[in-house]
Amino acid sequence: MIVSTAPTRIDLAGGTLDLWPLHLFFDNPPTINAAIDLYASVEIRPRRDKAVVVESRDLKVKAKFPSVQATPVNHPLQLILRLVRFYEPDSGLEVVTHCQAPAGSGIGGSSSLNIALNGALNRFTQRGYSKAQMIEIAKNIETQVINVPAGMQDYYAAMYGGVQAIQPGIEGVENRHFPVSPADLTQRFVLCFTGKPHNSGINNWAVYKRTINGDSLVRRKLKRIANAAWKIERVLDENRLKDFAPLFTEEWKARKALAPSISTPKMERLIRAAKKAGALAAKVCGAGGGGCVAFFIQPGSKNAVTSALQSTGGTVLPFRFVSRGLRVQG
């Protein structure tokens, strides 16, 4: 049996600009995120026949097909099936997937699952793809599934872990880790699920189309996000967490200006309650419209902020920031 796990993430700055070619319009700003220990996991077992059995424990869906070639293009588990078809295993197999992140939480669960599945299938088929190649495969397969362009940042968090900058450029994409302790950062964050799933494809696609079409207002708003990302990059490079809160707020204000649907009344209520209890700044995770909100808090205020959020109808997700990325065993 092969077991593969990959972390999800909290995005800190620069999201949406990781969609090609948007970063090229703004002098290639970084996207910054941090991996967390809410993992996506994959188990693969070989079969003696040619059958393919796939199961998502999260969706409570299980399906069996007589062979790889017999798997359908459109299916509730099409991300899994498309990857199985791409890797073309010589034998039958059973694939079981699970993600600890709530569905639609905006912390990159589907992308983490994508990377975990790539890692497991790469080992199972002995294809020998590099980490960079698996990221490219994951991005392209997910684009086929969601039918709009997929950003790249989530795959880097899942693949490499840690607190990192994903830096696109003319020659390709690089990533580097910041000298920030995941343990220290864990003490300064609370993660709250609103209970309403988000749809990153829809929100990002609306912004994407308007940017490509030359909408000057949207481009000015994205420039504000780019500027905030560069500032946050400098603060994390120098490990100055004391200066992080106002820049996190700046990024959130710029992001809210992109589209009315990014924030919701419940998110605003949660943010007000958390700030009264000791939160210094907050930002939606992912493209918004639902999902999670990340709160940067005063040292020692985690219990108070947690209580305030729970009293306001939020679900606080226990987590830690982690240095590890994709891990494949077996």
*Determine which single condition residue 138 fails, assuming it passes every other condition in (1) touching a helix residue (DSSP H, G or I) at 6+ places or on another chain (Cβ under 6 Å); (2) within 18 Å of residue 285 (Cβ to Cβ).*
(2)
*So residue 276 fits all but one of (1) surrounded by 17 or more Cβ atoms within 10 Å (Cβ to Cβ); (2) in contact (Cβ under 8 Å) with a residue 24 or more places away in the chain; (3) more than 26 Å from residue 175 (Cα to Cα); what number is the exception?*
(1)
*Which residues, taken from segment 74-107, are small (Gly, Ala, Ser), surrounded by fewer than 22 Cβ atoms within 10 Å (Cβ to Cβ) and under 19 Å from the mean Cα position of the chain (by Cα)?*
103, 104
*Quick one: which of 114, 204, 118 is surrounded by 23 or more Cβ atoms within 10 Å (Cβ to Cβ) and over 25 Å from residue 3 (Cβ atoms)?*
204
*If you scan segment 310-330, which residues turn out to be among the small types (Gly, Ala, Ser) and over 17 Å from the mean Cα position of the chain (by Cα)?*
311, 313, 314, 330
*Which ones in segment 167-184 are touching a residue at least 60 places away in the same chain (Cβ under 8 Å) and either more than 17 Å from residue 14 (Cβ to Cβ) or among the polar types (S, T, N, Q) (or both)?*
167, 170, 179, 182, 183
*Among what's in segment 280-305 and is over 23 Å from the mean Cα position of the chain (by Cα) and among the small types (Gly, Ala, Ser), pick the residue that is surrounded by the fewest Cβ atoms within 10 Å (Cβ to Cβ).*
300
_For segment 1-73, give me every one of the strands (runs of 3 or more DSSP E) that falls completely inside it and has 1 or more residues that are free of Cβ contacts under 8 Å to residues at least 40 places away in the same chain and either surrounded by fewer than 19 Cβ atoms within 10 Å (Cβ to Cβ) or not polar (S, T, N, Q) (or both)._
61-65
_Against the definition (assigned to a helix (DSSP H, G or I), farther than 30 Å from residue 148 by Cα, touching a strand residue (DSSP E or B) at 6+ places or on another chain (Cβ under 9 Å) and among the aromatic types (Phe, Trp, Tyr)), how does residue 248 come out, yes or no?_
no
*Candidates 85, 45, filtered to the one that is in the same structural domain as residue 134 (by TED's automatic domain parsing), closer than 23 Å to residue 143 by Cβ and of a type in the set (D, E, K, R)*: 85
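The values are calculated or read from the model by the stated rules, or taken from the named source; none is laboratory data. Predicted model, so just to flag it, every value in this text is computed and none were measured. Note: ideal-geometry Cβ built from the backbone for every residue, glycine included; neighbour counts use all protein chains shown.
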